[in-house]
1. Taking all protein chains together and a probe of 1.4 Å, list L373, L407 from the most accessible to the least accessible.
2. Just to confirm my numbers, what's the Cα centroid distance between region 345-403 and region 250-301 in Å?
3. Ordering M543, M154 by accessible area with a probe of 1.4 Å, largest first, what comes out?
4. What accessible area, in Å² to the nearest ten, does a 1.4 Å probe give for D232?
5. What's the carbon and sulfur percent of region 342-484's accessible surface, probe 1.4 angstrom, rounded to a whole number?
6. From the square roots a ≥ b ≥ c of the eigenvalues of the alpha-carbon gyration tensor of region 340-426, which class results: rounded (a/c under 1.5), prolate (a/b over b/c), or oblate?
7. Go through D440, D258 and list them by solvent-accessible area, largest first, probe radius 1.4 Å.
8. If every alpha-carbon in region 441-580 counts as one equal scatterer, what log10 I(q)/I(0) does Debye give at q = 0.11, 0.15 1/Å?
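The values are calculated or read from the model by the stated rules, or taken from the named source; none is laboratory data. Everything quoted here is computed from the prediction, not taken from an experiment. Cβ coordinates were reconstructed from backbone atoms using ideal geometry, including for glycine residues, and neighbour counts include every protein chain displayed. Please note that ligands, DNA and RNA were not included when accessible areas were found on the heavy atoms of the full protein model with its side chains. Shrake-Rupley method; radii C 1.70, N 1.55, O 1.52, S 1.80 Å.
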Amino acid sequence: MDAMDAEDEVPVSTSETSTLVDDNSTVVNAIGAVNLQPVPAVIPPVVPTVILPPVVPAIAPRLAVPTPIPPPLAPLPVRPPVLRPPVAQNGEMQENDSDSDLEEMVSGRGAAGSTQEYEISEESRIVRERQEKALQELLMKRRAAALAVPTNDMAVRARLRRLGEPITLFGEREMERRDRLRMLMARLDAEGQLEKLMKAHEDEEAAASAAPAEEEDIQYPFYTEGSKALLDARVEIAKYSLVKSALRLHRAKRKRDDPDEDVDAEVDWALKQAGSLALDCSEIGDDRPLFGCSLSHDGKMLATCSLSGIAKIWSMPLVQKVSTLKGHTERATDVVFSPTSNYLATASADKTARLWNSEGSLLRTFEGHLDRLARIAFHPSGKYLGTASFDKTWRLWNVESGEELLLQEGHSRSVYGLSFHHDGSLVASCGLDALVRVWDLRTGRSILALEGHVKPVLGVSFSPNGYHLASGGEDNTCRIWDLRQRRSSYIIPAHSNLISQVKFEPQEGYFLATASYDMTAKVWSSRDFKPVKTLSGHEAKIMSLDVASDGQFITTVSYDRTIKLWSSKNIEKEEKMDMD
């Protein structure tokens, strides 16, 4: 192995391998300058792990480009350092925190040994001024945030006026005005104009101290003053109700103490009469569906109204048309007879109520409501008319003069029904807010708010006994309220659809009648409020009903445009008992 290695080594002359290179000489290939010695032909073994150096092929000689050597230069002067302004990134000024630049600047100054002052470029000066301005604005905002600025817009305007500034700018809102006052106060504080600020503050304190004294002198009433006509009406209603209530209490005491009076027998007889009610007459009332009906105080006339806006008067008990009342421009919503005369009133969706006589002549128009009317009712004295409206109010009118005496609010939604107490002292209102309110007409106060219905209440009626109040609504129930206990004493699941109207028998209140959208009317005992009779015969929902003053018949009107009269068959027995 050593012999082969020795044979492979090629002796190279040292003098030949080292060639001098000057500017005009060429590079001679070292391989061509080597003198090879003849050796015997030996096939070298193939060694895969040994990598021979690459053999550079012969390159044609070419001229070499001389590389000029620059002459030695004088030492360069040291350049003075230049102050670099901070570069703005993302809207914020950032400074160079590295110490290397500072050290280079110091070392450069030391090397130069110069004490010359730095020159600031125009760009650096602009950036510095901008930075100082931003700093001043920041300090101004901090000072403004520390100032106490009033939050009331009127106080802000007053302070701006005292500072001699416009109290408002075009399109300026409350918060913008307050911010402007804050910046103005901060600027005055920065400029040292504290006297102006203190004077404005003293003026505000003086005005605030003087304000309570002025308010103490003015005494505002806690109620809305009514007219002289309303005061006279309240006095007259009070006198009327005292007489009526005294008579009612005297009659109740007599029935209780007189041994000849058998109240249970009277109730049983009245309920028996009600149980024998049957369909006596049916008549087409109008071309459009009927909406309301009312019987006169003597039971000789019946009034109806329809969606055509026309009201009609019929003779009883044959139900023959007597006269037609035309005047409303919208559908008629209710009709009611006066309890003391043959006058009647109608309500309409044209926001008015009208007073008519029995001949069909228009006597008076009651205008003032802001929305369509629902139900109306006469005061027992016949001198006042109550109207309920969808404008969330009910109003009291003088029938003789047509003057509006009272505008009463209190319901959160539309008022639908009204009913006056038989003594004339109270009035009950019901509405779409599922609430029944009882008002004292003598004082104007709401004395009861009866809650229990879960849907709008559409009908309400006082009992002649003086302490029961019936209400019915869209929850298909009829509630009996006891005014003495101020709560609901009975809940009657009366119908399978909403109850459109409720009416007590007007003479003694021995039974209660209800009308419903389930096309039936029902009679209930006022003793225990059990069902007595179901009046079936209409082909559509029943809109209203009324009970005769003697309780002998009931009239109903329906969406099927018919009037139906339900009367008692046992007339002979009734006449016999009257004779006894």
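1. Ranked list, largest accessible area first: L407, L373.
2. That distance is 26 Å.
3. M154, M543
4. Result for D232: roughly 70 Å² accessible.
5. After summing per-atom areas, the C and S share lands at 41 percent.
6. Taking the square roots of the gyration eigenvalues as a ≥ b ≥ c, region 340-426 is oblate.
7. Greatest to least solvent exposure: D258, D440.
8. -0.42, -0.75
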